[in-house]
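The values are calculated or read from the model by the stated rules, or taken from the named source; none is laboratory data. Please read all numbers here as calculations on a predicted model, not as lab measurements. Cβ coordinates were reconstructed from backbone atoms using ideal geometry, including for glycine residues, and neighbour counts include every protein chain displayed. Just the protein is used for accessible areas: all its heavy atoms, side chains included, with ligands, DNA and RNA removed. Shrake-Rupley method; radii C 1.70, N 1.55, O 1.52, S 1.80 Å.
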Amino acid sequence: TVKGALRARKGPAPEMKVSHSNDGWLEITADSAPETASRLRTCVERLTETRVSPEVAEELRFAIDELGRNAVEWGNRGVTGRRVHLSYCLFDEKMMFKIEDEGDGFDPGAVPDPSEDPDGSLKSREATGKRAGGFGIHLVRKLMDEVLYNERGNVVIMTKHLSQAPGEAR
């Protein structure tokens, strides 16, 4: 499924490597090309499409796209040769995703919540040469059940708990 999703695009694409472990983790590694985040999102869509509701699938697509783009754009600074690693594992009760870049990292706690002062946030970002935005990390924290960063700030682990169908035993 993953290999098919990686091939399902037009034109030349940066190489993506797929590996898996015996404990159920699947890892996709790709170069920091602009289209990497969308290709990772496509893979996640294919992996999760039969397991979650359309609403949860959209939340997962957004989270992978946003934090995948952050890994390419901010983490790796778009430097060719730096890699982005997306790991995925499906458990009975939850899905977990790990996104890792090879950049210097950052302090996610220092990222201001732009929803507290949207105008001030836009002006501040513009003054520092950043594009409009800054909402992604905060939205992902609201959509996912758990979002944890490593100390360096270049690895994020996200967890989405799966709800069970009525009458289904644990």
I want to confirm something. Restricting to region 2-53 and keeping residues that are part of a helix (DSSP H, G or I) and open to solvent by 60 Å² or more (accessible area, probe 1.4 Å), which single residue is modelled with the highest pLDDT? ARG46
Please name all residue pairs, on different chains or six or more residues apart, with Cβ atoms under 9 Å, provided the first residue is in region 146-161 and is within 15 Å of ILE64 (Cα to Cα) and the second residue is of a type in the set (Ser, Thr, Tyr) and open to solvent by 20 Å² or more (accessible area, probe 1.4 Å). VAL155/TYR149; VAL156/TYR149; ILE157/TYR149
Expected output for region 118-143 (first residue on the phi > 0 side of the Ramachandran plot, partner outside any helix (DSSP H, G or I) and surrounded by 15 or more Cβ atoms within 10 Å (Cβ to Cβ), Cβ below 9 Å, 6+ apart or cross-chain) is GLY133/PRO114; GLY134/PRO114
Matching option when the condition is at pLDDT below 90 and either touching a helix residue (DSSP H, G or I) at 6+ places or on another chain (Cβ under 9 Å) or of a type outside the set (A, V, I, L, M) (or both), among ASP117, ASP113: ASP113
GLU66 within 21 Å of TYR149 (Cα to Cα) and part of a helix (DSSP H, G or I): yes
When only residues in region 72-120 that are in a helix (DSSP H, G or I) and open to solvent by less than 40 Å² (accessible area, probe 1.4 Å) count, which is nearest to ALA33 (Cα to Cα)? VAL72
All but one of (1) farther than 27 Å from SER163 by Cβ; (2) open to solvent by 70 Å² or more (accessible area, probe 1.4 Å); (3) of a type outside the set (D, E, K, R); (4) at pLDDT below 90 hold for PHE135; which doesn't? (1)
Screening VAL147, VAL79 for residues that are modelled with pLDDT of 90 or more and either small (Gly, Ala, Ser) or more than 30 Å from THR50 (Cα to Cα) (or both) leaves only VAL79
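Going through ARG83, ARG69, ARG61 one at a time, which residue ends up being charged (D, E, K, R), closer than 17 Å to VAL140 by Cα and in contact with an Asp or Glu (Cβ under 7 Å, 6 or more places away or on another chain)? If you could, list the steps in order and put the result at the bottom.
On the way: ARG83 fails: closer than 17 Å to VAL140 by Cα; ARG69 fails: in contact with an Asp or Glu (Cβ under 7 Å, 6 or more places away or on another chain).
Exactly one residue qualifies, and that residue is ARG61.
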Could you count how many residues in region 86-104 are under 12 Å from THR159 (Cβ atoms), within 11 Å of the chain's Cα centre (by Cα) and charged (D, E, K, R)? 1
So GLU66 ticks every box in (1) open to solvent by less than 40 Å² (accessible area, probe 1.4 Å); (2) of a type in the set (Asp, Glu); (3) at pLDDT below 90 but one. Which box is left unticked? (3)
Please go through region 144-154 and pick out each residue that is open to solvent by 50 Å² or more (accessible area, probe 1.4 Å) and within 15 Å of MET95 (Cβ to Cβ). ASP145, GLU146, LEU148
